[in-house]
Amino acid sequence: MKYFFIFFISLNLALYGQNADIDLLKSINLNRNKNLDNAFIGISNSVAPASIALPIGLLCTGIIKHDSTLKNKAVCVGASLIVAAGITTGLKYAVNRTRPFVTYPEIDKAMAAGSPSFPSGHTSDAFATATSLSLAFPKWFVIAPSFLWACSVGYSRMDLGVHYPTDVATGAIIGAGTSFLCYKANKWLSKRNHRK
């Protein structure tokens, strides 16, 4: 219920809090260090390969080592990503918010972006990956770099002028929320199967 409430607030901010949203985006995008554009493009472009390679790598390692726990974690990480991507894609076309550089020509778009803006798919995928990995392997040396990367992805989307701050915030909530729910569902299913 609390995730629905947070999502509802984010949606309202995206649709009605446009002035604060665009003001924050302008301060990030128009005052950015353009020498870092290639680095931020690289960070944005790292999402798909990292999010796909991680569950596949875990699954292959689990198969090679005959480790059912690792295979289960791989499936949970992959499921989190699939659920987050599905929710994000559905919302993108349901809300159909135009990209900030279309509505505000002064926004300096530094990379290509095509689909509707709300919510940020890159951020959703990055936070789904970071959260599910952190829940699967709850060690500081997994959690800290995972969330540093996910936050960098979210910031890069604003820095490069392709998303509003509310797009990014909602993407982060969807990614982290779906991962947490998949993790809880996986634990529940594991307990249920263990009882049988």
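In segment 40-59, the residue that is nearest to Gly161 (Cα to Cα) out of those that are surrounded by 14 or more Cβ atoms within 10 Å (Cβ to Cβ) and more than 19 Å from the chain's Cα centre (by Cα) is Leu58. Among residues of segment 1-51 being among the aliphatic types (A, V, I, L, M) and closer than 19 Å to Phe147 by Cβ, the one that is modelled with the lowest pLDDT is Ile6.
Quick grid of which residues meet (1) at pLDDT 95 or above; (2) touching a Ser or Thr at 6+ places or on another chain (Cβ under 8 Å):
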site	(1), (2)
Ala112	no, no
Ala136	no, no
Ser146	yes, yes
Met158	yes, no
Thr166	no, yes
Ala172	yes, yes
Lys184	no, no
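The values are calculated or read from the model by the stated rules, or taken from the named source; none is laboratory data. Just so we're clear, the structure is a prediction, and the values are computed from it rather than from any experiment. When we count neighbours, we look across all protein chains shown, and the Cβ atoms used for this are built from the backbone with ideal geometry, even at glycine.
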